[in-house]
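Some notes on the structure that comes next.
Since every read-out is calculated from the coordinates, none of them should be taken as a lab result. Note that the structure is a prediction, hence the values are computed from the model and not measured. Note: ideal-geometry Cβ built from the backbone for every residue, glycine included; neighbour counts use all protein chains shown.
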Amino acid sequence: MAEKSTIARPYAQAIFDQAVASKQLPKWSENLALASLVAQDEGMRSVIGNPRLSDAQLIDLFVGVCGDNFDDAAKNLVKLLVENGRLSVLPEIASLYEEYRAEAEKTVKAEVVSAYPVTSAQQNSIKKALKARLGREVELVCTTDNSLVGGAIIRAGDMVIDGSVTAQLQKLSHALTH
């Protein structure tokens, strides 16, 4: 069987193209995020592969769980995915769509994991530095991890900057033992 990302790519591209044409990038992000969460639910995963359910029943169930925030275009996507036996690739479709959207909007989501809470001044400094380095607008998500002892780890796309005390100690230990 082909990899899920290979299967998801044409769907994500088509959704992205349609979202650009209709100027609804944020709405599709919401639709796909919700659909992805529903598709990943353990109960829903067991229902998706159930041969006792007809396509119509599965579509009604899935759309019903998604609720009123799900628009007609999203309902049509679910119908298409069910009919093609591809509902289980929704998380990959959502992920690829967000990559396409970030590329089009020249944005990047960066994660900062630090030993202590990051102040707003530090966040602004990190955003400014990353924007200069990556040439994109930066959205920061900050978390704390006491095991780092000090410093921080920054992840933005494929780039990882590990300035944690833990990493520095590991480098020192490695240098001393070799």
Among the residues listed as V160, V112, V108, the single one being within 27 Å of E3 (Cα to Cα), under 21 Å from the mean Cα position of the chain (by Cα) and either surrounded by 18 or more Cβ atoms within 10 Å (Cβ to Cβ) or touching a residue at least 40 places away in the same chain (Cβ under 8 Å) (or both):
V108
Are any residues in the range 84-112 among the β-branched types (V, I, T), out of contact with any Cys (no Cβ under 9 Å at 6 or more places or on another chain) and in a strand (DSSP E or B), and if so, which ones?
T107, V108
Helices (runs of 4 or more DSSP H) wholly inside the range 1-83 containing at least 2 residues that are of a type in the set (A, V, I, L, M) and within 27 Å of K106 (Cβ to Cβ)
4-21, 25-40, 72-83
Answer yes or no as to whether Q57 is under 20 Å from N84 (Cα atoms) and surrounded by 11 or more Cβ atoms within 10 Å (Cβ to Cβ).
yes
